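K.L.:
Please find one structure pasted underneath; my questions will follow.
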Amino acid sequence: MGEEKEETLKFTCIVCPIGCELIVKKVGAKIIDIKGYKCPKGKEYAIQEVTNPQRILMTVVKVKGGSLPTVSVKTAKPIPKAKLLEAVKYLSKLELKPPIKIGDVIVDDIVGTGVPIVATRNVNGE
Amino acid sequence: MKKIYADVLVLGAGAAGLAAAAKAKEFGAEHVVLLDEKEELGGVLPQCIHPGFGLHYYREDLTGPEFAFRLYEKVRNLGVEVHNQAYAIELIPRKYDEKIVRASSPEGLLDIHAKTVIFATGARERQRHEIGIIGYRPIGVYTAGQAQTMMDLYGMMPGKEIVIVGSGDVGLIMARRFALQGAHVKAVIEILPYPGGLTRNIQQCLIDFGIPLYLSHKVISVNGTKRVEGVIVGKVDEKLNTIPGSEFEIKCDTLIVSAGLLPRVELLMRAGAFMDPATKSAVVNEYLETTIPGVFLAGNALVINDLVDYAAEQGEAAATSAIKFIQEGGFPSCVQKSVVKGRNVRLIVPQLITGENDVFFYGRVSQPEEDVYLKVPEVGMKLRMLRVKPPEMLRFKIRKKQFENLEEDKITISVEPRSEG
């Protein structure tokens, strides 16, 4: 078995506005040390970020005949970072009809991630 | 002219104003009137579609519209009298317990006779001319907030090739929004040697999308006569002057100006409230009361906040004070002590204290520093802080008990290196 090199990754935690500076040491895929987090969520985030980085996606979807021409939406959970642009592209092609309520599911499973897209704003009929 | 009476009149239905109106009603004020210039309530929240709101206030991670909706539902269920599309044009302090706010509204002119007034009027964005960007005035120059309104309320793209000036949180958030919608964000330009926004926003809005950040650079001028064709950028020295010969052009079709916010308190200024040049708003005591008795401030109108949670918290505090003012006929006319800005403190709120209450302070440093003490020697307070940065607000509490032995007529708040004691 070949010697794998130790690698140090530094990045900012995005879980809350404090923005802790995280330092993760890993050898190959194996994490050997995590420093800099101030809460359990930060530690969880550090692991997630070096193994499978994920983000919550927010955008707007067109609405026809509503009190506003768009409804704001987000992914119910973070989705893989690599899927963000594909998800936005898909959503930019949709056109919805009012009424839409906060929490309404707009798409059941966005681009095969298994995560639904939900509305974050109410849009009534005109 | 229509006459309205109010115990508590709240101006502005953003986070601070909605929280203030709800709190005033919950505390038993009979006539709570809420005035807002827009059709939809919530201030800027409905267009802030990103998460990160409410982690303190609701202990949940919400988007702006969701945060606004929760507050708005509360205000509606409590029976606050709401006047939207109404614009306050004058504040007339008439008597100790009577202020008249004149407003223009769809019902005509309104004269609101209020025992107390809470200014939760928010802030406006600084414009291109206020940061000295010269050149033509083509289509394609927008403030970050205008771009956000276009994209996230009306679904329109302001452009395809974007340069953003200013690395405050609003600018960073918009950089990500543009990148997500498929625009090419070519640069974020920051005149100071450090970023203006929260570190996590540098990570998730710029690094995530590979957007370059130019620190110690400024946008000098705009090229293009009909539509923006590019911007001239230069490097600046420590005095923020352009270094000759450092200029270069970045081609773009859109320039987004995100150059900070200014409290909207013109009515207070005209009515004679004492102003603080550091906060660019009115001076307040710990009740968040201005020098006009019974007139309070909250949210970004009081001090530009990092977090919506603080704005809502200040709205509630102002409402609590307003109720106390009504019930007790004002505050005891005790001597107010001044809060003095010491080393590396750029602004602090409140600027006056009585020493008779617990006080929450909000402040900002002038320079980033590491390993420091936040000191208030007059009350023997010394807080260790690992780092301070101008974009991150200082927020701390001094308890009533700590003021007991305060003999001076002032307290001094300073940030000092730990090595010096």
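Values in this text are rule-based calculations from the coordinates and carry no lab data. Just so you know, these numbers come straight off a predicted model, no measurement behind them. Reconstructed Cβ throughout: ideal geometry from the backbone, glycine too, with neighbour counts over all protein chains shown.
K.L.:
Kindly give the semi-axes, whole Å and largest first, of the ellipsoid equivalent to region B:160-260, taking each as the square root of 5 times a Cα gyration tensor eigenvalue. Walk me through the intermediate numbers first.
P.N.:
On the way: eigenvalues 82, 64, 19 Å².
Gyration-tensor ellipsoid for region B:160-260: 20, 18, 10 Å.
K.L.:
Right, next: Which value, in debye to the nearest 20, gives the size of the charge dipole of region A:6-51 about its Cα centre, when Lys and Arg are +1 and Asp and Glu are -1 at the Cβ?
P.N.:
Details: 8 positive and 6 negative charges, 24 e Å.
For region A:6-51, the charge dipole is close to 120 debye.
K.L.:
Let me ask something else. When the convex hull of the C-alpha atoms of region B:234-341 is computed, what volume per residue in Å³ does it have?
P.N.:
On the way: hull volume 17.5 nm³, N = 108.
Dividing the Cα hull volume of region B:234-341 by its residues yields 162 Å³.
K.L.:
Given the rule -39500 (n - 2.57) for each run of at least 4 DSSP H residues, summed and divided by the residues of the protein assembly as shown, what is its mean residue ellipticity at 222 nm, to the nearest 500 deg cm²/dmol? Please report the intermediate quantities before stating the final value.
P.N.:
Numbers: 9 runs with 99 residues, N = 547.
Taken over the protein assembly as shown, the calculation gives -5500 deg cm²/dmol.
K.L.:
From the P(r) of region B:340-420, can you give the percent of Cα pairs sitting at distances over 15 Å? Please list the in-between numbers first.
P.N.:
Numbers: 1706 of 3240 pairs.
That tail contains 53 percent of the Cα-Cα pairs.
K.L.:
What is the percent of Cα-Cα separations in chain B that go past 32 Å? List each step's numbers first, then the result.
P.N.:
On the way: 35808 of 88410 pairs.
Distances greater than 32 Å cover 41 percent of the Cα pairs.
K.L.:
With Cβ to Cβ distances under 11 Å as the rule, what net charge do the other residues near B:Gln85 carry (K, R +1; D, E -1)? Before the final figure, lay out each step's value.
P.N.:
On the way: positive: B:Lys38; negative: B:Asp36, B:Glu37, B:Glu39, B:Glu40, B:Glu107.
That sum, taken over residues with Cβ under 11 Å, equals -4.
K.L.:
Just the number, please: percent antiparallel of the DSSP beta bridges in the protein assembly as shown, rounded to the nearest 5. Numbers along the way, then the final one.
P.N.:
Numbers: 80 of 122 bridges.
Counting DSSP beta bridges with both partners in the protein assembly as shown, the antiparallel share is about 65 percent.
K.L.:
Also, I was wondering about something else. Only Cα pairs under 8 Å and at least 6 apart count here; give the relative contact order of region A:6-51 as a rounded whole percent. If you can, show how the numbers build up before the last one.
P.N.:
Values: 67 pairs, mean separation 14.8, N = 46.
Normalised by residue count, the contact order of region A:6-51 is 32 percent.
K.L.:
When the convex hull of the C-alpha atoms of region B:1-65 is computed, what volume per residue in Å³ does it have?
P.N.:
On the way: hull volume 5.3 nm³, N = 65.
Considering the Cα atoms of region B:1-65, their hull volume per residue is 82 Å³.
K.L.:
Apply 1/(1 + (r/R0)^6) to the Cβ-Cβ distance of B:Lys251 and A:Lys10, taking R0 = 35 Å, and write down the FRET efficiency to the nearest 0.05.
P.N.:
Numbers: r = 33 Å, r/R0 = 0.94.
That pair, B:Lys251 with A:Lys10, gives E of 0.60.
K.L.:
What average number of partner chain Cβ atoms lie no more than 10 Å from the Cβ of the residues making up A:55-61? Don't skip to the answer; put the middle values down first.
P.N.:
On the way: counts 5, 6, 3, 12, 8, 9, 1.
Going residue by residue through A:55-61 and averaging, the value is 6.
K.L.:
With both bridge residues required to lie in chain B, what share of the DSSP beta bridges run antiparallel, to the nearest 5%? Present the calculation step by step, with values, prior to reporting the outcome.
P.N.:
Details: 54 of 94 bridges.
In chain B, DSSP labels about 55 percent of beta bridges as antiparallel.
K.L.:
Additional query: Where Rh is the Kirkwood radius over the Cα pairs of region A:15-126, the temperature 37 °C and the viscosity 0.692 mPa s, what D in µm²/s does Stokes-Einstein return?
P.N.:
Details: Rh = 15.9 Å.
Result for D is 207 µm²/s.
K.L.:
Per q in 0.08, 0.09, 0.10 1/Å, what log10 I(q)/I(0) does a Debye calculation on the alpha-carbon atoms of the protein assembly as shown return?
P.N.:
Reported log10 I(q)/I(0), two decimals: -0.57, -0.73, -0.91.
K.L.:
For A:Glu86, what is the net charge nearby, where nearby means another residue's Cβ is under 14 Å from its Cβ and Lys, Arg count +1, Asp, Glu -1?
P.N.:
+4
K.L.:
Binning at 10 Å from 0, report for region A:58-119 what percent of all alpha-carbon pair distances ends up in each bin.
P.N.:
23, 58, 18, 1
K.L.:
Can I ask one more? Looking only at region B:69-218, where both bridge partners belong to it, what percent of the DSSP beta bridges are antiparallel (to the nearest 5)? Let's see the in-between values first.
P.N.:
Working: 14 of 21 bridges.
DSSP beta bridges in region B:69-218 are roughly 65 percent antiparallel.
K.L.:
Once amide H atoms are built 1.01 Å from N in the peptide plane, which residues 5 or more positions from A:Thr12, or in another chain, come under 5 Å H to H?
P.N.:
A:Leu22
K.L.:
Going by Cα centres, region A:1-52 and region A:69-103 are how many Å apart?
P.N.:
What the calculation gives is 29 Å, centre to centre.
K.L.:
What do you get for Rg/Rh of region A:6-51 when both radii come from the Cα atoms and Rh is the Kirkwood radius?
P.N.:
Details: Rg = 9.8 Å, Rh = 10.4 Å.
Radius of gyration relative to Kirkwood radius: 0.94.
K.L.:
Roughly how crowded by other chains is peptide B:387-394, in terms of the mean Cβ count from those chains within 10 Å of each of its Cβ atoms?
P.N.:
Numbers: counts 1, 0, 1, 0, 1, 3, 1, 0.
The shielding value for this peptide is 1.
K.L.:
In region B:5-83, what trypsin sites (Lys or Arg not before Pro) fall in a loop by DSSP, with at most 14 other Cβ atoms inside 10 Å? Walk me through the numbers before you get to the answer.
P.N.:
Numbers: sites: B:Lys23, B:Lys25, B:Lys38, B:Arg59, B:Arg70, B:Lys74, B:Arg76; in loops: B:Lys38, B:Arg59.
In loop regions of region B:5-83 (DSSP not H, G, I, E or B), the sparsely surrounded trypsin sites (Lys or Arg not before Pro) are B:Arg59.
K.L.:
Here's something else I'd like to know. For A:Lys5, which lysines qualify as cross-link partners when the Cα separation must be under 26 Å and same-chain residues fewer than eight apart are set aside?
P.N.:
Within the straight-line limit of under 26 Å, A:Lys5 reaches these lysines: A:Lys25, A:Lys26, A:Lys30, A:Lys35, A:Lys43, A:Lys81.
K.L.:
In addition: If you average the alpha carbon positions of region B:327-360 and of region B:239-314, how far apart do those two centres end up, in angstrom?
P.N.:
20
K.L.:
Further, regarding this structure: If Lys and Arg each add +1 and Asp and Glu each add -1, what is the summed charge of the other residues whose beta carbon sits under 10 Å from the beta carbon of B:Pro391? All intermediate terms of the calculation are to be shown ahead of the outcome.
P.N.:
Details: positive: B:Arg364, B:Lys389; negative: B:Asp169, B:Asp306, B:Glu392.
Here the charged neighbours net out to -1.
K.L.:
In peptide A:94-106, what is the residue-averaged number of other protein chain Cβ atoms found within 10 Å of each Cβ? Mind showing how you got there, number by number?
P.N.:
Numbers: counts 0, 0, 0, 0, 0, 0, 0, 1, 6, 1, 0, 0, 0.
Across A:94-106, the average partner-chain Cβ count within 10 Å equals 1.
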